[in-house]
Amino acid sequence: METTFGVIKPDAVAAGKIGEIIKIIEKNGFKIVGLRMERLSLEKAQKFYEVHKARPFYNDLTKYMSSGPIVALALEKEGAVKAWRQVMGATNPAEAEEGTIRKLYGENIERNAVHGSDALETAKAELAFFFP
Ligand code: CDP
Ligand code: MG
């Protein structure tokens, strides 16, 4: 059994999509083993996305991620890391497959509704960061 880390981002929370996204998560066989609503400080958003510090979108991204409450999630399932990435869809909602959360609820490549860890090691670090 594997646990991955997910976030319902500020755009999706503001749009009232928490319930629908959680429904998709549960329908896809994930067990929610951690859940917390939180308003990130700019500093915490910057630390979380530190890996992207050199990217041109870093400033906007961290401002956006601290612009309103998020929902942090710990999701358990066999092969959870890969499975959650599939349910989320591609980073750019315009390129995401039909039925994926980003296709359904993402506004654009930045405001794309959800986050998911990209590897098991990343998941461990991100889970520890949000659920110490
Ligand atoms: O979230 P994901 O792992 O799919 O993508 P990423 O490449 O790790 O980028 C992290 C986040 O930065 C994305 O989810 C977007 O919110 C944002 N981003 C952006 O604003 N503009 C880009 N060109 C790429 C990513
Ligand atoms: Mg990523």
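Taking a cut-off of 27 Å between Cα atoms, list the lysines near Lys17, but don't count ones fewer than 8 places away on the same chain.
Straight-distance partners of Lys17: Lys9, Lys27, Lys31, Lys44, Lys47, Lys63, Lys77, Lys82, Lys103, Lys124.
Kindly report the accessible area of the chain per residue (heavy atoms of protein chains, probe 1.4 Å, no ligands, DNA or RNA), in Å².
Per residue, the chain has an accessible area of 53 Å².
Specify the inter-centroid distance of the stretch 58-125 and the stretch 3-46, based on alpha-carbon positions, in whole Å.
That distance is 9 Å.
So if I place +1 on the C-beta of Lys and Arg and -1 on the C-beta of Asp and Glu, and nothing else carries charge, what would the dipole magnitude of the chain be about its Cα centre? I want it in debye, nearest 20.
220 debye
Please give the per residue volume of the convex hull enclosing the alpha carbon atoms of the stretch 1-84, rounded to a whole number of Å³.
Enclosed volume per residue, from the Cα hull, is 96 Å³.
Would you work out the relative contact order for the chain, in percent, from Cα pairs under 8 angstrom that are 6 or more residues apart?
Relative contact order of the chain: 38 percent.
The values are calculated or read from the model by the stated rules, or taken from the named source; none is laboratory data. Here the structure is a predicted model, which means the values were calculated and not measured. For neighbour counting, all protein chains shown are included, and Cβ atoms are generated from backbone atoms with ideal geometry for every residue, glycine included. The protein model used for the area step is the full one, side chains on, heavy atoms only, and it has no ligands, DNA or RNA in it. Shrake-Rupley method; radii C 1.70, N 1.55, O 1.52, S 1.80 Å.
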